[in-house]
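*Asks:* Take a look at this one; I'll ask things after.
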Amino acid sequence: MNDRILLAHGSGSKLSHDLLEKILVPPISNPLLARMDDAAVFELAGKLAFTTDSYVVNPIFFPGGDIGRLAVCGTVNDLSMSGAEPLYISLALIIEEGLEIAELLRIIQSVKDTCEEAGVQVITGDTKVVNRGKADKLFINTAGIGSIHRGLDISGSNARVGDKIILSGGIGEHGIAVMSQREGLQFSVPVQSDCAPLNKLVADMLRASKKINCLRDPTRGGLAATLSEFARQSDVGIIIEEEKIPLHDGVRGACELLGLDPLYIANEGKLVAVVSPDDADRVLKAMKRNKYAGAAAVIGEVTAGHRGRVVMKTKIGASRIVDMPTGEILPRIC
Amino acid sequence: MKFIDEFRDAGLARKLAHRIAAISTKQARLMEFCGGHTVAIMKNGIRQLLPPTVQMLSGPGCPVCVTSNPDIDKVLALARLPNVIITTFGDMLKVPGSYSSLQRARAEGNDIRIVYSTQDALQIARENPGKSVVFVGIGFETTAPTIAAAVMQADTEKIKNFYVICLLKLTPPAMKALLDLGEVKLDGIICPGHVSAIIGTHPYQAYARDYGVACVVAGFEPVDILQAVEMLVRQIEAGNATVEIAYTRGVRDEGNVRALEMMHGVFDVQSATWRGIGTIPSSGYRLKQKYSRFDAEKAFIIDPGPVKEHQGCCCGEILRGVKTPQECKLFAKVCVPENPVGPCMVSAEGSCSAYYQYGDFHER
């Protein structure tokens, strides 16, 4: 096989079949995918969650992950944040002519590893090849289906006054890792993307308590966007304490240097939970036992005042608004 | 983190705030000149810690904000020329000129690239010998040395396709212009930290001596700023205006001599047009004759077209400290970061953006 993707790989010819049968399908194969029909056919019962997301990150490999891991984690996490157990995902690739096949192999291997870790299966997919310059190496779309346990109602509009805000760990790691890789910035404390599937963490949390009212992964727009969404959707105020927000030294240094606010920087392996006050401790303990939330902390609470707004107590004891981010902060980080 | 945590210490900050409250009896109107200070003050909520006698006003120290519409139009006209690559710091991208912005020009297919330093712009010039690479030279005395260095390097390496559109501005003449206008009666100035690291403190002596305005150079952490406020209040209480440095780890009286030499070697002083203030003599830089082949305004025929100013926007008054952002009718209503009317809402260091983004929620 040629060592680069050619337009012919997307033409439906023998080359297309070779690409699927030799490169793309074997690593991620399972009985549903192996049928190679136009659609995957399966049975599911009960309450379901369905989501989709596209990934255009540049560069496609970055410290701590790659576009393949990101595409699986993103969809797994979106399902998990509605309390669903992720089951099946789709995988659609838009490949730029000229991509090295070795790179594609690494990405597919990474998809496989991440699917195994999360316990989900790719059951349908698609491949397109576009002319050089019409895409940036590789774009991926994934969609996913998950099932929701009866009685569970997790939504951004469920926050109640008195609830505690729990954050699963340090913020801004994905955004800074991608940015430093892309711009060739080297920091003395290197930052790795936090890109990770969070479905098992959510399962641990739901075992500890059913009183988890909101869950969200603060991806683009960062912690600030997620908390602002909760405040608006639930029509409550939120107050957080700057001092309590976990922050990796490398992220802090990079933000100081570049004049960025870590509250607005993307994460791909963190979640924010709004939990009833009587269960906050139990949930926090369960989280800290999971490898992706060792640094989890209660960072604030839901208040009756300043509805629709997030306010942060600064380290020196004053307070300020934390608003929705506006415009482009960092280009293409997911 | 070393050299940062000490200057964000909550206990120390509160102690300074108490001390300021204890010694302040006279009305003290202080202006922070620099946009970086405005952001730090709002972000940390420093105004909430100060007694009612101390009033903080924001000055014109945001380079993006004081760039006039005609100058932005010039950059946009350059961007539309064939085979031109515009290189710029990211905060210029969203600033509206008369009819467009670099962000919009980029979407229309013009080649506009964000760089982190003038060295990146030089590298783009080396990699694209068939194109003309123009660096948008916006900034104060802090950015000027890096632009001077890039021009000198381009000269040494004989890079023929690198140009600068020189819109650099100088801080002390603008401070003097504000004091001369006399619209705002100032008792003290928090002098810029990074600018002073380059120019030193000598240029401020005249403000203390001739205008009786207390001057203290401050760093950018909460403790730095509170310390500077305390020093200013002491001067005001004693009725004795002088120039002092609170930011001793960054600034010396003589400034950065090497950087100053480079600036003087590459630039000549000329008048410049500041948004909201107008033309101020000796407040800008142009490239010296020796380096004029790098001057984009000379190398290209630029036709920016007619200028249009934005109606109802108070950026001018806000930049002069005459109005606070909340006193502008458009603030947080029509003019918001996602739909900015004037540059003070666009730039990260703009007063309106800082007040909007980090404001005390009681004020919104």
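*Asks:* For a label point 7 Å from the Cα of residue B:322 along Cα→C-beta, name the residues of region B:260-284 whose backbone N is under 11 Å from it.
*Replies:* Answer for region B:260-284: B:276-278.
*Asks:* Taking K and R as +1 and D and E as -1, what net charge do the other residues with C-beta under 12 Å from the C-beta of residue B:81 add up to?
*Replies:* +1
*Asks:* Using 7 Å Cα-to-Cβ label points, what is the residue B:253/residue A:187 separation (nm, one decimal)?
*Replies:* Each label point is offset 7 Å from its Cα along the Cβ direction, giving 3.9 nm.
*Asks:* Counting only helical runs of four or more DSSP H residues, what would the 222 nm mean residue ellipticity of the protein assembly as shown come to if each run contributes -39,500 (n - 2.57) and the total is spread over all its residues?
*Replies:* On the way: 26 runs with 240 residues, N = 698.
Rounded to the nearest 500, the figure is -10000 deg cm²/dmol.
*Asks:* Roughly how tilted is helix A:222-234, in degrees to the nearest 10 and between 0 and 90, from the longest Cα axis of chain A?
*Replies:* The helix A:222-234 is inclined about 70 degrees to chain A.
*Asks:* Can you list the HN-Hα couplings for region A:301-309, worked out from phi with the Karplus curve (6.51, -1.76, 1.60; θ = phi - 60°), rounded to whole Hz and with x for Gly and Pro?
*Replies:* Values per residue, Gly and Pro as x: 8, 8, 10, 7, x, 5, 4, x, 10 Hz.
*Asks:* Here is a follow-up. Kindly write out, for region B:262-270 in residue order, the coupling ³J(HN,Hα) from the Karplus curve 6.51 cos²θ - 1.76 cosθ + 1.60 (θ = phi - 60°), rounded to whole Hz, with x marking Gly and Pro.
*Replies:* Whole-Hz 3J(HN,Hα) from phi for region B:262-270: 5, 4, 5, x, 9, 10, 10, 7, 9.
*Asks:* At a Förster radius of 25 Å, what calculated FRET efficiency corresponds to the Cβ-Cβ distance of residue A:100 and residue A:30, to the nearest 0.05? Before the final figure, lay out each step's value.
*Replies:* Details: r = 27 Å, r/R0 = 1.06.
My answer for the efficiency is 0.40.
*Asks:* What angle do you read, to the nearest 10 degrees and between 0 and 90, between the alpha-carbon axis of helix B:222-238 and the longest principal axis of chain B?
*Replies:* Tilt of helix B:222-238: around 60 degrees.
*Asks:* While we're here: On a full-extension model of 0.36 nm per residue, what is the gain between residue B:270 and residue B:127, subtracting their alpha-carbon distance, rounded to one decimal in nm?
*Replies:* 48.2 nm
*Asks:* Still on this structure, please answer the following. Considering only the protein assembly as shown, what is the antiparallel percent among its DSSP beta bridges, to the nearest 5?
*Replies:* Working: 53 of 97 bridges.
Bridges in the protein assembly as shown that DSSP calls antiparallel: roughly 55 percent.
*Asks:* Could you work out the mean count of beta carbons from other protein chains within 10 Å of each residue's beta carbon in B:117-128? Provide the component values of the computation, followed by the final result.
*Replies:* Working: counts 0, 0, 0, 2, 0, 0, 0, 0, 0, 0, 0, 0.
Shielding by partners across B:117-128 averages 0.
*Asks:* Taking Cα centroids, how far is region B:203-264 from region B:144-181 in Å?
*Replies:* 23
*Asks:* Moving on. Compute the FRET efficiency between residue A:6 and residue A:211 as 1/(1 + (r/R0)^6), taking r as their Cβ-Cβ distance and R0 = 56 Å, and round to the nearest 0.05.
*Replies:* So the FRET efficiency works out to roughly 0.50.
*Asks:* Let me ask another. Work out how much length residue A:54 to residue A:117 would gain on full extension: take 0.36 nm times their residue separation and subtract the Cα-Cα distance, in nm to one decimal.
*Replies:* 20.6 nm
*Asks:* Check the straight Cα-Cα distances from residue B:26 and name the lysines below 16 Å, setting aside those fewer than 8 residues away within the same chain.
*Replies:* Candidates past the 8-residue exclusion: B:185.
*Asks:* Quick check: pseudo-label points 7 Å beyond the Cα along Cα→Cβ at residue A:16 and residue A:41, how many nm apart are they?
*Replies:* Result: 2.3 nm between the two label points.
*Asks:* Fewest Cβ neighbours within 10 Å first, please rank B:267, A:42 accordingly.
*Replies:* Fewest-to-most Cβ neighbours within 10 Å comes out as A:42, B:267.
*Asks:* What FRET efficiency comes out for the pair residue B:206/residue A:304, r = Cβ-Cβ distance, R0 = 41 Å, nearest 0.05?
*Replies:* Values: r = 54 Å, r/R0 = 1.31.
So the FRET efficiency works out to roughly 0.15.
*Asks:* Further question: Straight distance only, please: which lysines reach the Cα of residue B:288 with their own Cα at less than 28 Å, same-chain residues fewer than 8 apart left out?
*Replies:* Correct list for residue B:288: B:74, B:131, B:158, B:160, B:169, B:176, B:298.
*Asks:* Would you mind computing, in nm to one decimal, how far apart the modelled labels at residue B:25 and residue B:307 are, each placed 7 Å from Cα along Cα→Cβ?
*Replies:* So the two model labels end up 4.9 nm from each other.
*Asks:* Further question: If you find the alpha carbon centre of region A:184-215 and of region A:26-105, how far apart are they in angstrom?
*Replies:* Centre-to-centre distance over Cα atoms comes out at 19 Å.
*Asks:* Let me ask another. Using alpha carbons only, how many degrees (0 to 90, rounded to 10) separate the axis of helix B:35-44 from the longest principal axis of chain B?
*Replies:* 50
Coordinate-derived values only; no laboratory data. Model, not experiment: these values are computed from the prediction. When we count neighbours, we look across all protein chains shown, and the Cβ atoms used for this are built from the backbone with ideal geometry, even at glycine.
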